[in-house]
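Heads up: the structure comes next, in structure tokens.
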Amino acid sequence: MKTFKSLIEDVLPNIKEVFPWDLEEKFAASEDILLIDITEAKEFNTLHIKNSINVPRGVLESGCDWGYEDTIPELAAARDREVIVICRSGNRSALAAHTMQLMGYNHVSSLKTGLRGWFDYEQALYDANGEEVDEDVADAYFSKGPRAEQMGPDA
């Protein structure tokens, strides 16, 4: 049986990852980077990296391809463009980067450490209104963890 953790471990050797400081350097060198935030809409509206596009993980495949209600034209046309996939911690984005590679994306990477690492690197995060997120709001968002009932019967 595979677990979430083992699925991630399986794909990590096959994908590219960038650290927050690498992404900052990439921004300085090029404006043609497509940032895909795969968090759920509520998460994205709470905080995200400026200029990222929200494509929740649940609709990623159809968002990447032409001919679907969820198609994101800029994303579907980006198979030869540099794409950075973002999530809260870098786990979901690793799986998404792997999926996108299978779908023909040639320059896709996952943001290692995710939004948490971006915040820890003291980079700005923005809310649904385009306003910079207060540090206390971001701290509260990142301090959430599993509830007792989510820990499983062996916990």
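Laboratory data are not the source of any read-out in this text; all were calculated from the coordinates shown. This structure is a prediction, so every number in the text was calculated from the model and none was measured. For neighbour counting, all protein chains shown are included, and Cβ atoms are generated from backbone atoms with ideal geometry for every residue, glycine included.
So, counting K/R as plus one and D/E as minus one, what does the shell of residues with Cβ under 10 Å around residue 104 add up to?
-1
Work out, step by step, the length gained on full extension between residue 50 and residue 66: first 0.36 nm times the residue separation, then minus their alpha carbon distance; give nm to one decimal.
3.2 nm
Summing +1 for each Lys or Arg and -1 for each Asp or Glu, what net charge is found among the other residues whose Cβ lies under 15 Å from the Cβ of residue 86?
0
What distance in nm separates the simple spin-label points at residue 149 and residue 123, each placed 7 Å from Cα in the Cβ direction?
Computed distance between label sites residue 149 and residue 123 equals 3.7 nm.
Specify the longest stretch of the chain that does not include any exposed loop site, a site being one of the GluC sites (Glu not before Pro) with a non-H, G, I, E, B DSSP assignment and at most 16 other Cβ atoms within 10 Å.
70-121
Of the trypsin sites (Lys or Arg not before Pro) in the stretch 1-99, which ones lie in a loop per DSSP and count no more than 14 other C-beta atoms within 10 Å?
Listed in order of number, the matching sites are 2, 50.
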